[in-house]
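Participant: Would you mind keeping the following structure in view while I ask a few things?
The values are calculated or read from the model by the stated rules, or taken from the named source; none is laboratory data. Everything numeric in this text was worked out from a predicted model, so none of it was measured. Note that each Cβ is placed from the backbone with ideal geometry, even for glycine, and that neighbours are counted across all protein chains shown. When the accessible area is computed, the model is the full protein with side chains, heavy atoms only, and any ligands, DNA or RNA have been set aside. Shrake-Rupley method; radii C 1.70, N 1.55, O 1.52, S 1.80 Å.
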Amino acid sequence: MSSELKPIKLYTAGTPNGYKASIFLEELKAAYPGFTYEFQALSFTKNEQKEPWFLKINPNGRIPAISDPNRGDFNVFESAALILYLIQHYDKEYKLSFDPVNEPDAYSEALQWTFFIHGGIGPMQGQSNHFFRYAPEKIPYAIKRYNDETRRLYSVLESRLSNGREYLAGAGKGKFSFADVNGFPWVRGYGWAGIQNFDADFPNVKAWLDRIEARPAVYEGLGVPSRGKKMTKEEEEKAAEEARSWILGNPNK
């Protein structure tokens with residue numbers, strides 16, 4: 001890949017969707033010499049994602065988003081769309097994807113699992129996060145509803161990753177691809193969503209998480225925009241309280 005490429009500009013924050021983008025960009029950086037990116041962290045507490053300059057990049061006022069100076073500062077928002085855009089223009093050797101012409105089945109599998117995660121795990125686990133961590137009152141029905149549905153979706157991954165399969169798409173054991181990147185940051189946050197007995201109930205998914213987290217580029221991506229630390233229960237409750245104040249006090253978030 002040409003060393004003359006200008007760096008992609010990533011707008012992000014430390015959320016599962018933000019980590020999808022930074023991890024995939026780091027994987028591209030590791031796979032293709034000459035590819036690089038830079039990032040700008042957005043502050044939710046300052047509501048920067050709703051400022052007019054950013055709404056020109058993402059009209060929905062959410063992270064992540066990118067601007068591509070190599071293609072006329074073309075803007076892309078929505079995490080899965082962003083990853084597919086990067087594949088189209090920068091993964092020319094299909095190191096993180098599959099050739100849709102010569103590997104149509106594997107490519108279709110990767111798309112299927114990407115959309116399963118984007119339309120299922122992300123939204124449902126997001127609701128589990130909300131009612132378990134942020135809601136102003138504990139609503140047992142809502143907590144159980146979204147916890148159960150998140151667990152059901154994890155069970156689909158557990159089945160897919162059985163019988164020696166290591167990654168979501170591809171023949172045999174599969175190949176690490178954009179489908180795995182799309183799911184990893186969400187599932188990695190199972191504890192924040194209140195999912196208990198994860199290791200015992202989803203051993204194949206746990207092994208998949210460990211396998212992905214061991215990749216050097218994934219480690220780098222999890223440090224963008226800054227690296228978090230493992231929190232105690234008390235620290236988790238404090239962090240949730242701080243986030244709750246912003247979420248409930250900001251109807252335009």
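Participant: Given the options PRO185, PRO136, name the one that is part of a loop (DSSP other than H, G, I, E, B), out of contact with any Ser or Thr (no Cβ under 7 Å at 6 or more places or on another chain) and closer than 30 Å to GLU242 by Cα.
Facilitator: Of the residues listed, the single one that is part of a loop (DSSP other than H, G, I, E, B), out of contact with any Ser or Thr (no Cβ under 7 Å at 6 or more places or on another chain) and closer than 30 Å to GLU242 by Cα is PRO136.
Participant: So, in the range 88-110, exactly how many residues are surrounded by fewer than 19 Cβ atoms within 10 Å (Cβ to Cβ) and among the hydrophobic types (A, V, I, L, M, F, W, C)?
Facilitator: 1
Participant: Now a separate question. When the range 32-88 is examined, which residues are found to be closer than 26 Å to GLY183 by Cβ, outside any loop (DSSP other than H, G, I, E, B) and charged (D, E, K, R)?
Facilitator: Hits for the range 32-88 are GLU38, ASP68.
Participant: Let me ask another. Yes or no: TYR85 open to solvent by less than 40 Å² (accessible area, probe 1.4 Å) and in contact (Cβ under 8 Å) with a residue 60 or more places away in the chain?
Facilitator: no
Participant: Please indicate, with yes or no, whether at least one residue in the range 10-27 is farther than 18 Å from GLY228 by Cβ and surrounded by fewer than 21 Cβ atoms within 10 Å (Cβ to Cβ).
Facilitator: no
Participant: Failed condition for VAL224, given (1) open to solvent by less than 30 Å² (accessible area, probe 1.4 Å); (2) assigned to a helix (DSSP H, G or I), with all others met?
Facilitator: (2)
Participant: Considering the range 89-124 alone, what residues qualify as being of a type in the set (A, V, I, L, M, F, W, C), part of a loop (DSSP other than H, G, I, E, B) and in contact (Cβ under 8 Å) with a residue 24 or more places away in the chain?
Facilitator: LEU96, PHE98 - these are the residues of the range 89-124 that are of a type in the set (A, V, I, L, M, F, W, C), part of a loop (DSSP other than H, G, I, E, B) and in contact (Cβ under 8 Å) with a residue 24 or more places away in the chain.
Participant: Same structure, new question: Just for the range 33-82: of the residues that are open to solvent by 10 Å² or more (accessible area, probe 1.4 Å) and among the hydroxyl-bearing types (Ser, Thr, Tyr), which one is farthest from SER245 (Cα to Cα)?
Facilitator: Applying the filter and picking the extreme gives THR36.
Participant: Still on this structure, I have one more. Test GLU149 against the criterion of being within 23 Å of SER79 (Cβ to Cβ), acidic (Asp, Glu) and surrounded by 19 or more Cβ atoms within 10 Å (Cβ to Cβ), and give yes or no.
Facilitator: Judged against the criteria, GLU149 is not a match.
Participant: Return the residues of the range 188-210 that are open to solvent by less than 20 Å² (accessible area, probe 1.4 Å) and either in contact (Cβ under 8 Å) with a residue 60 or more places away in the chain or in a loop (DSSP other than H, G, I, E, B) (or both); say none if nothing qualifies.
Facilitator: Within the range 188-210, ALA193, GLY194, ILE195, PHE202 qualify.
Participant: Hey, among the residues in the range 140-165 that are touching a residue at least 12 places away in the same chain (Cβ under 8 Å) and among the acidic types (Asp, Glu), which one's farthest from MET124 (Cα to Cα)?
Facilitator: GLU158
Participant: Could you please tell me which pairs satisfy a Cβ distance under 7 Å, a separation of 6+ or placement on different chains, a first residue in the range 25-53 that is farther than 16 Å from PHE77 by Cα and modelled with pLDDT of 95 or more, and a second residue that is assigned to a loop (DSSP other than H, G, I, E, B) and of a type in the set (Gly, Ala, Ser)?
Facilitator: GLY34/SER2; GLY34/SER3
Participant: Which residue out of GLU237, GLU213 is exposed (fewer than 14 other Cβ atoms within 10 Å of the Cβ), modelled with pLDDT under 85 and of a type outside the set (Lys, Arg)?
Facilitator: Only one candidate passes the filter, namely GLU237.
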